[in-house]
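The values are calculated or read from the model by the stated rules, or taken from the named source; none is laboratory data. Values in this document were obtained by computation on a predicted structure and should not be read as measured data. Here Cβ is always computed from backbone atoms with ideal geometry, including for glycine, and neighbour counts include all displayed protein chains. Keep in mind that these areas ignore ligands, DNA and RNA; they rest on the heavy atoms of the full protein, side chains included. Shrake-Rupley method; radii C 1.70, N 1.55, O 1.52, S 1.80 Å.
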Amino acid sequence: LLYADGYFCQSRNYNIQKVGNLEWLIENYNFKNISYYIDELVVLNISRKNSDINQFIKVVKSISKNCFVPVSCGGGIRDFEYANLLLAECSDKILLNSSVYENPKILKSISKVFGGQSIIVSVDFKKKEDGYDVFIQNGKRRIEHNFNTYINLIKNMPFGEIFLNSIDRDGTGMGLEYDILNQIPNNFEKPIILSGGCGNSKHIAHGITN
């Protein structure tokens, strides 16, 4: 779920469009039913303006009341204090993206208290002719490392899972960017979550099967 400035949103190539507020979400999503068919719910705070942390926590708590699966939260987590607040109040895991590149020491400080299994590292990428570029800050800033180099830089850091999201395919429903998996080093041992482009159950099945 994507949350921004009081509303839940749809995203296409990281361009967001408001869909509805919390009341709309609860009315249109049967979370009690959904809980039987998913392993985890990820809620990302992608607010582009002033992010109200306390309001975001209240929203996640409201969703969790009827969704009995682990919840992971992300978006704008740049210090231990915010991570600590989320893990104490509403989240089983946290998802980090920009801060892993800008302040990699945050992984050590969080994992020292909560363990690496509590951290999901998110990597946003775009395809180019000879590989893939990596972006941070809501897909606005390209870093100097290509995808393969960046994965090798972070692979031994203390986190539990990696979340790979294709900016090109985000919200298109045209299928996942399976070729990105060929860029993962053979000695990469952490679970991989592949995202961006799922349009039907066949896309999900193909990703899991392969």
Applying a 10 Å radius around every beta-carbon, put 94-101, 36-43 in order of their mean neighbour count, most first. 94-101, 36-43
How far apart, in nm, are the 7 Å Cα→Cβ label points at ILE38 and PHE188? 2.4
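How do LYS155, LYS61, LYS105 stack up against each other in accessible area, from largest to smallest, with a 1.4 angstrom probe?
Numbers: LYS155 35, LYS61 85, LYS105 160 Å².
Result of the area sort, largest leading: LYS105, LYS61, LYS155.
Which whole-number percent is the relative contact order of the chain (Cα, under 8 Å, 6+ apart)? Before the final figure, lay out the partial values.
Working: 358 pairs, mean separation 32.2, N = 210.
Over the chain, the number comes to 15 percent.
What ratio of Cα Rg to 2.2 N^0.38 Å holds for region 74-121? It would help to have the intermediate numbers written out before the result.
Working: Rg = 9.2 Å, N = 48, 2.2 N^0.38 = 9.6 Å.
Normalised Cα radius of gyration, region 74-121: 0.96.
How would you order 8-15, 201-208 from highest to lowest mean count of nearby Cβ atoms within 10 Å? List each step's numbers first, then the result.
Values: 8-15: 15.8, 201-208: 12.2.
Final packing ranking: 8-15, 201-208.
Please report the carbon-and-sulfur percent of the accessible area for the chain; probe 1.4 Å, protein heavy atoms only, DNA, RNA and ligands left out. Show your work: numbers first, answer last.
Working: 5350 of 11510 Å².
Ligands and nucleic acids excluded, carbon and sulfur reach 46 percent.
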Just going by the charge dipole of the chain, with Lys and Arg at +1 and Asp and Glu at -1 on Cβ, which of TYR101, ASN146, ASN186 is farthest out on the positive end? TYR101
How large is Rg over Rh for the chain, taking Rg from the Cα atoms and Rh as the Kirkwood inverse mean of 1/r across Cα pairs? 0.94
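Starting from the exponent 0.38 and prefactor 2.2 Å, build the expected Rg for region 114-210 from its residue count and divide its actual Cα Rg by it.
This ratio for region 114-210 stands at 1.06.
Could you give the size of the charge dipole of region 114-154 about its Cα centre, using +1 on the Cβ of each K and R and -1 on the Cβ of each D and E, expressed in debye and rounded to the nearest 20?
On the way: 6 positive and 5 negative charges, 34 e Å.
The dipole of region 114-154 has a size of about 160 debye.
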Stretched fully, the stretch from LEU153 through TYR29 gains (0.36 nm per residue minus C-alpha distance, one decimal, in nm) 40.7 nm
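Only four residue types carry charge here, +1 at the Cβ of Lys and Arg and -1 at the Cβ of Asp and Glu. Report the dipole size of the chain about the Cα centre in Debye, rounded to the nearest 20. Don't skip to the end; give the middle numbers.
Numbers: 23 positive and 22 negative charges, 45 e Å.
It works out to roughly 220 debye.
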Among 28-35, 115-122, 172-179, the order from most to least packed when residues are scored by Cβ within 10 Å on average: 115-122, 172-179, 28-35
Values of log10 I(q)/I(0), in the order q = 0.12 Å⁻¹, for region 1-124 under a Debye, Cα-only, solvent-free model: -0.44
Per the helix-only calculation at 222 nm, which mean residue ellipticity applies to the chain, given -39500 (n - 2.57) for every DSSP H run of n ≥ 4 and division by its residues, nearest 500 deg cm²/dmol? -8500 deg cm²/dmol
